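**Student:** First, the structure itself, so that you have it in front of you.
The values are calculated or read from the model by the stated rules, or taken from the named source; none is laboratory data. A quick note: this is a predicted structure, and the numbers were derived from the prediction, not measured. Cβ: placed from backbone, ideal geometry, glycine included. Neighbour counts: every protein chain shown. Accessible surface areas use protein heavy atoms only, side chains included; no ligands, DNA or RNA. Shrake-Rupley method; radii C 1.70, N 1.55, O 1.52, S 1.80 Å.
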Amino acid sequence: MSRRAARTWGRGIGFAALTLAVSLPGVAAGAAEEAAPSGSEVASSDETSRRAAPHDPSQWRLKYVERFGAPVGRDLTWERDDLSDQYGPFDDDGEAFHVKGGDVFAEALDSFDTYRASFEFGRDGWLTAELATRDQGKTGELAQVPTFRDAVVPGVGKVGHFDLPNNTDGAIVRPTEPLPDRYRIEYELVALDFGGPRDGAWDYDGLINGYGAEGCKTQHPWTATVGQPTSPAYCDFADVRGENGFYFLGIVDYPDPAPRNNVFIHNRRKVVMDQYQVTHSWGANYDVCDPRTGETYSHHDPRSLSSIPINMLFLTDDNQRNTGFVYNEFMMETDCGFFHGGDPGVNIVSVGELRPDLLPGETYRFAIERTGTSYVQEVSGTFLHGPDTLRFEREFVQDGHPIWHYNQTPDEYDGEFDRQHVIDGPYGSYDMGSLWPSDSAYPDYFIIGNPHTNYYEGSASITNLRLYVPKD
């Protein structure tokens with residue numbers, strides 16, 4: 001077990017509490033296939049017209065459930081990624097980084113090797129775990145690697161446990177096959193330690209915002225700013241300890257998602273719920289909605305410095321968050337109103353705050369539904385404002401704003417929101433062509449975990465991962 005796993009579990013329930021699950025028969029949906037999704041048993045503390053109607057359990061049939069009763073993630077095989085399989089200009093060896101960074105980027109990228117591991121699990125192999133790590137200096141040896149494996153939390157039971165000891169590690173769980181046209185995906189979060197403040201402090205347990213305090217931890221070699229550092233050395237890139245987080249649950253628009261650089265994921269998301277903890281002064285520009293009052297307050301407000309704001313984002317097409325890159329703009333439905341990230345003065349507005357002091361013990365259930373015309377995002381648990389179910393919905397196209405790449409098939413979309421884009425940089429330009437052509441189709445894949453390979457560090461545990469489909 002890594003240093004981080006020992007520290008994480010030691011603070012929560014004692015080091016000895018994390019034990020490897022014994023070999024047991026796999027847990028299948030079996031006779032439970034007619035069960036409905038777990039209901040919204042926690043009533044809203046402040047019902048408002050902005051919230052989506054409660055889900056209707058009678059409309060859903062359980063297809064798969066994973067409770068981590070069988071061994072998961074043992075004896076991994078790590079293979080070097082030769083970077084030949086690229087998903088466009090923002091992938092790890094993408095043209096966007098070459099026109100921005102030139103030879104410095106090329107040298108920085110050539111200073112390490114990326115290694116990947118992938119395995120299927122669950123009944124019918126319906127789930128896949130994707131892991132990535134880095135061999136800095138190309139030594140041919142991997143000292144520490146990320147893991148996703150079965151474990152047991154006393155008082156909670158069997159879980160799937162993420163452990164990412166370095167910011168250059170990535171790990172996600174995804175479906176092996178694309179999701180159907182209508183679905184509900186849900187799971188329970190059991191433990192979380194990806195930074196954020198505790199008892200008013202960002203630094204605790206010898207960590208800095210959840211990162212190890214020793215050595216350099218940088219965004220090397222991918223940066224979203226214009227140009228690059230003048231040196232390809234790892235420590236000459238920007239430090240990342242001021243930003244940590246975790247993807248609770250998101251839907252992306254490309255097949256077989258796996259961890260890649262931080263820039264890549266920001267134009268591949270349709271909807272997402274995540275944690276994003278920023279210690280920098282500009283983190284104070286991010287707000288939280290208080291459902292009790294309908295008013296917002298800063299992520300750096302004293303009341304927010306012992307909790308984890310939950311961002312619930314519906315991504316759209318109509319802006320760029322960083323110069324020259326296509327970073328999809330945010331749309332946020334909250335009890336404090338609707339917020340569009342392209343509007344003056346609007347950044348992130350979180351729907352509520354998770355309480356890490358209740359973990360493990362309390363669980364938080366995250367869910368996303370795709371209906372025939374909309375996406376619904378939902379999280380239930382005991383928040384800073386009290387027990388609640390926060391559930392919000394947006395149509396595929398609502399008030400003139402589309403959800404990015406919502407169409408799974410060409411016949412769902414007529415090309416209305418297509419546009420051209422050229423990436424310009426100090427070392428040339430790259431024509432991306434059409435960003436959303438009329439004959440396009442984008443599958444739905446969910447992701448849970450950390451999809452970055454240069455940001456975020458920590459651990460988390462999940463259980464009761466369920467896929468529902470409409471009843472026939």
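**Student:** With the contact rule set at Cα under 8 Å and sequence spacing of 6 or more, what percent relative contact order holds for the chain?
**Tutor:** Values: 1211 pairs, mean separation 111.2, N = 472.
Relative contact order, the chain: 24 percent.
**Student:** Specify which labelled value, from (1) 0.93; (2) 1.05; (3) 1.17, agrees with Rg/Rh (Cα atoms, Kirkwood Rh) derived from the coordinates of the model shown.
**Tutor:** Among (1) 0.93; (2) 1.05; (3) 1.17, the one calculated here is (1).
**Student:** Determine how large the accessible area of residue 115 is when every protein chain is in place; take a 1.4 Å probe and give Å² rounded to the nearest 10.
**Tutor:** 40
**Student:** Could you state the accessible area per residue of segment 297-451 in Å², with a 1.4 Å probe and every protein chain left in place?
**Tutor:** Values: 5130 Å² over 155 residues.
Here the per-residue accessible area is 33 Å².
**Student:** Show me 159-168, 289-298 ranked by packing, highest mean number of other Cβ atoms within 10 Å first.
**Tutor:** Details: 159-168: 26.4, 289-298: 17.0.
So the order, starting with the most tightly packed, is 159-168, 289-298.
**Student:** Still on this structure, please answer the following. Determine the dipole magnitude for the chain: charges of +1 sit on the beta-carbon of Lys and Arg, -1 on that of Asp and Glu, nothing else is charged, the reference point is the Cα centre, and the result goes in debye to the nearest 20. Write out the running numbers ahead of the final one.
**Tutor:** Working: 39 positive and 73 negative charges, 301 e Å.
Computed about the Cα centre, the dipole is about 1440 debye.
**Student:** In addition: How much of the accessible area of segment 219-339, in percent, comes from carbon and sulfur atoms when a 1.4 Å probe is used? Don't jump to the answer; show the numbers that get you there.
**Tutor:** Numbers: 1600 of 3450 Å².
Percent of accessible area from carbon and sulfur atoms in segment 219-339: 47.
**Student:** Just the number, please: carbon plus sulfur as a percent of the accessible area of segment 170-209, 1.4 Å probe, no ligands or DNA/RNA counted.
**Tutor:** Working: 560 of 1200 Å².
Answer for segment 170-209: carbon and sulfur cover 46 percent of the accessible area.
**Student:** Any of 100/138; 63/217; 138/270 with alpha carbons more than 30 Å apart? Name them for me. Walk me through the numbers on the way to the answer.
**Tutor:** Numbers: 100/138 25 Å; 63/217 41 Å; 138/270 35 Å.
Pairs exceeding 30 Å: 63/217; 138/270.
**Student:** Follow-up question, since we're still on this one. Given +1 on the Cβ of Lys and Arg, -1 on the Cβ of Asp and Glu, and no further charges, what dipole in debye does segment 177-261 carry about its Cα centre, rounded to the nearest 20?
**Tutor:** Numbers: 6 positive and 14 negative charges, 36 e Å.
Dipole of segment 177-261, to the nearest 20 debye: 180 debye.
**Student:** Taking only DSSP H segments of four or more residues, each worth -39500 (n - 2.57), what value at 222 nm results for the chain once the sum is divided by all its residues, to the nearest 500 deg cm²/dmol?
**Tutor:** Numbers: 3 runs with 29 residues, N = 472.
Mean residue ellipticity, 222 nm, calculated: -2000 deg cm²/dmol.
**Student:** Of 144, 446, 293, whose Cα points farthest to the positive end of the dipole of the chain (charges on the beta-carbon: +1 Lys, Arg; -1 Asp, Glu; origin at the Cα centre)?
**Tutor:** 144
**Student:** Peptides 422-429, 446-453, 135-142, 351-358: what's the order by average Cβ count within 10 Å, highest mean first? Walk me through the intermediate numbers first.
**Tutor:** Details: 422-429: 14.6, 446-453: 26.9, 135-142: 11.5, 351-358: 19.2.
Descending packing order for the listed peptides: 446-453, 351-358, 422-429, 135-142.
**Student:** Going by Cα centres, segment 109-187 and segment 326-356 are how many Å apart?
**Tutor:** So the separation of the two Cα centres works out to 28 Å.
**Student:** Related question: If you take the charge dipole of segment 60-212 about its Cα centre, with +1 on Lys and Arg Cβ and -1 on Asp and Glu Cβ, which of 204, 191, 118 is farthest toward its positive end?
**Tutor:** Ranked along the dipole, the leading option is 191.
**Student:** Counting only protein heavy atoms, what percent of the accessible surface of segment 63-166 is carbon or sulfur at a 1.4 Å probe? Before the final figure, lay out the partial values.
**Tutor:** Details: 1720 of 4260 Å².
Carbon and sulfur atoms account for 40 percent of the accessible area of segment 63-166.
**Student:** Can you give me the C-alpha center-to-center distance between segment 230-262 and segment 197-218, rounded to a whole angstrom?
**Tutor:** With segment 230-262 and segment 197-218 each reduced to a Cα centre, they are spaced 18 Å.
**Student:** Accessible surface of residue 281 in the full protein assembly, 1.4 angstrom probe, to the nearest 10 Å²?
**Tutor:** Spelled out: residue 281, probe radius 1.4 Å, area about 100 Å².
**Student:** Next question, about the same structure. Identify the trypsin sites (Lys or Arg not before Pro) of segment 60-89 meeting these criteria: DSSP loop state and at most 13 other C-beta atoms within 10 Å of the C-beta. Write down the numbers at each step before the final one.
**Tutor:** Numbers: sites: 61, 63, 67, 74, 80; in loops: 67, 74.
Here the sparse-neighbourhood loop sites are 74.
**Student:** Could you give the dipole magnitude of segment 137-208 about its Cα centre, charging the beta-carbon of Lys and Arg +1 and that of Asp and Glu -1, in debye to the nearest 20? Could the numbers behind the result be given before it?
**Tutor:** Details: 7 positive and 12 negative charges, 47 e Å.
The calculated dipole for segment 137-208 is roughly 220 debye.
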